[in-house]
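Asks: After the structure tokens below, expect a handful of questions from me.
The values are calculated or read from the model by the stated rules, or taken from the named source; none is laboratory data. Keep in mind that what you see is a predicted model, and the values were worked out from it rather than measured. Using ideal geometry, Cβ is built from the backbone for each residue, glycine included, and neighbour counts are taken over all protein chains shown. Heads up: the accessible areas ignore ligands, DNA and RNA and are worked out on the full protein's heavy atoms, side chains in. Shrake-Rupley method; radii C 1.70, N 1.55, O 1.52, S 1.80 Å.
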Amino acid sequence: MKKFRLFELSIWIWLSFMLQGAQMQPAEPEQPLVAAMRTLKIQPETYVLHHGGRTKQPVQPQQLERWVYQLWNELGTGKVKKIVDRDGVKYTASDQRQSNIAIKFIVIHDRLEHSHVTPYVSLQLMGRGVPTQSFFEMKKRCTRLLQSYGIIADYHFSIRGRTMNVTTGLANHAQKVLTLLRAREVEGMRTDHTVSLSALSSMLPGGIETGGGMMNLQVAARMDSEARAVVLTIGTPIITIEY
């Protein structure tokens with residue numbers, strides 16, 4: 001029975017890929033994670049796409065503010081907030097795109113003594129439910145824009161949902177995701193209330209090196225403290241939101 005159930009889940013995720021592939025080409029790394037949730041009947045609630053890292057090309061300090069405003073103006077029409085303290089300068093801005101996508105932009109200049117600086121740049125796309133075609137179009141636009149400023153986008157994607165099925169156990173929920181995504185566990189943490197597994201999936205690109213080895217998938221399951229439900233979060237290569 002267990003083998004049949006795994007076979008059935010594999011068929012469902014294959015069908016999900018086929019259906020999504022007909023709508024979005026080429027396939028994106030986010031799609032297998034969404035398909036896994038659909039197959040396991042996890043109701044998606046929120047998702048976040050995040051790029052964070054220092055620029056490869058240095059910027060002169062006196063030109064940094066103009067650089068920030070120029071980049072943000074090309075991203076959208078939000079108001080940039082500037083915060084200055086003894087640790088450096090932080091620029092933040094956010095904007096709502098359409099009814100379901102928000103964009104957040106952060107630049108941190110924390111090397112005040114340097115004649116040329118490589119600021120830390122963070123860009124987030126956040127939405128509710130599942131990513132739609134407009135999300136993927138926005139992602140492509142951001143990728144091209146970052147590249148025009150000498151920034152190679154290095155994305156982390158996380159999606160969180162919940163299920164009322166609490167009888168199968170947290171570890172089983174997490175393990176089913178690994179099975180669907182053909183992933184091998186690299187590291188894991190298991191308690192009565194939270195399970196977090198790091199793994200390497202042949203269905204996902206890239207990865208990062210950890211103490212246990214290369215990984216490109218993280219799955220977390222926990223009991224909801226306010227309702228009788230399981231909260232499941234999946235991320236590639238790691239989860240970057242609270243789970």
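Asks: Among the strands (runs of 3 or more DSSP E) contained in the range 177-243, which hold 2 or more residues that are out of contact with any Lys or Arg (no Cβ under 9 Å at 6 or more places or on another chain), of a type outside the set (Asp, Glu) and open to solvent by 50 Å² or more (accessible area, probe 1.4 Å)?
Replies: 183-190, 217-223
Asks: Same structure again: Just checking, which of Ala102, Ala171 is outside any helix (DSSP H, G or I) and either surrounded by fewer than 16 Cβ atoms within 10 Å (Cβ to Cβ) or free of Cβ contacts under 8 Å to residues at least 40 places away in the same chain (or both)?
Replies: It is Ala102.
Asks: Of Glu74, Glu28, which residue is out of contact with any strand residue (DSSP E or B) (no Cβ under 6 Å at 6 or more places or on another chain), closer than 18 Å to Pro237 by Cβ and charged (D, E, K, R)?
Replies: Exactly one residue qualifies, and that residue is Glu28.
Asks: Could you list all residues from the range 122-146 that are among the charged types (D, E, K, R) and free of Cβ contacts under 8 Å to residues at least 24 places away in the same chain?
Replies: Scanning the range 122-146 gives Glu137, Lys140, Arg141, Arg144.
Asks: May I ask you to list the residues in the range 51-68 that are surrounded by fewer than 19 Cβ atoms within 10 Å (Cβ to Cβ), not in a helix (DSSP H, G or I) and not basic (Lys, Arg)?
Replies: Gly52, Gly53, Thr55, Gln57, Pro58, Gln60
Asks: Let me ask another. Return a yes/no flag: does the range 179-193 have any residue that is among the β-branched types (Val, Ile, Thr) and within 19 Å of the chain's Cα centre (by Cα).
Replies: Looking for residues that are among the β-branched types (Val, Ile, Thr) and within 19 Å of the chain's Cα centre (by Cα), one finds none in the range 179-193, hence no.
Asks: For the range 152-159, indicate whether the set of residues that are crowded, with 20+ Cβ neighbours inside 10 Å and in contact with an Asp or Glu (Cβ under 7 Å, 6 or more places away or on another chain) is non-empty.
Replies: Yes, some residue in the range 152-159 is crowded, with 20+ Cβ neighbours inside 10 Å and in contact with an Asp or Glu (Cβ under 7 Å, 6 or more places away or on another chain).
Asks: For the range 119-130, check the following and say yes or no: at least one residue is in contact with a helix residue (DSSP H, G or I) (Cβ under 6 Å, 6 or more places away or on another chain), more than 18 Å from Ala93 (Cα to Cα) and either among the hydroxyl-bearing types (Ser, Thr, Tyr) or crowded, with 18+ Cβ neighbours inside 10 Å (or both).
Replies: yes
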